[in-house]
Amino acid sequence: MINLLPADYKENIACARRNRTLLNWTAGLILSLALMGAIIAGGYLFMRHSINQQSDQSAAARQQLKDDQLDETKAKLDEISSNTKLVLQVLSREVLFSKLLKQLGASLPPGTTLQSINIDKVQGGITLKALAKDIQSATQIQINLADPHNKIFQKADIESINCTTNNSQSSTQATTTQSALSRLYPCSVQLRALFAQDNPYVYISDTSGGGQP
């Protein structure tokens, strides 16, 4: 087949084909760049979101840790403050035990003996434990201690009374002295008492709490 087209026309056709090919490649390159840009932008946004989320979680964790340590420190400070107040109250209201024991001994009815004294809290009064030969003597202890003429307590209450027989004591459970006491005083009584307001057995009288130790 003989091509009779002019040379200029044939050259124009060849240039047009090359231009179309270049245009297609350019369009493909632009599309690829746009797609790559979209992927990069999406990855950047996702990364920023993850970083912000992790930062928020870290800040929340730090704040929670700070709050927990603050609460723990506050609790310790409150405990120290409470103990300090208790010590100050004890020091400012010293119980004169020598005089108190003497007056308690004089106030106990016959057939009883004082076993122990415990002041566990300054505001809570005093706990007394005594031994008695029978339940009547045990109840008489409360009556004597609550007597205002003794000038010791403004109030005395019995918390418990326990009486045992001599046969219930085993030699393996008590010493010789304890066994002798249990035979003489088979009843034990525990009382809770509040100091009288103007009692002479507290070094500094309480002006606000009604004389409670």
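Since every read-out is calculated from the coordinates, none of them should be taken as a lab result. Bear in mind the structure is a predicted one, so any value in this text is a computation, not a measurement. Because the Cβ atoms are built from the backbone with ideal geometry, glycine has one as well, and the counts that use them run over all protein chains shown.
Brief remarks on what is shown
- Residue ranges 146-156, 25-35, 106-116 sort as 146-156, 106-116, 25-35 when ordered by packing (mean number of other C-beta atoms within 10 Å per residue, highest first).
- Protection proxy ranking of 12-19, 157-164, 129-136 - average other beta-carbon atoms within 10 Å, highest first: 129-136, 157-164, 12-19
- Gap separating the Cα centres of the stretch 49-68 and the stretch 109-163, nearest whole Å: 61
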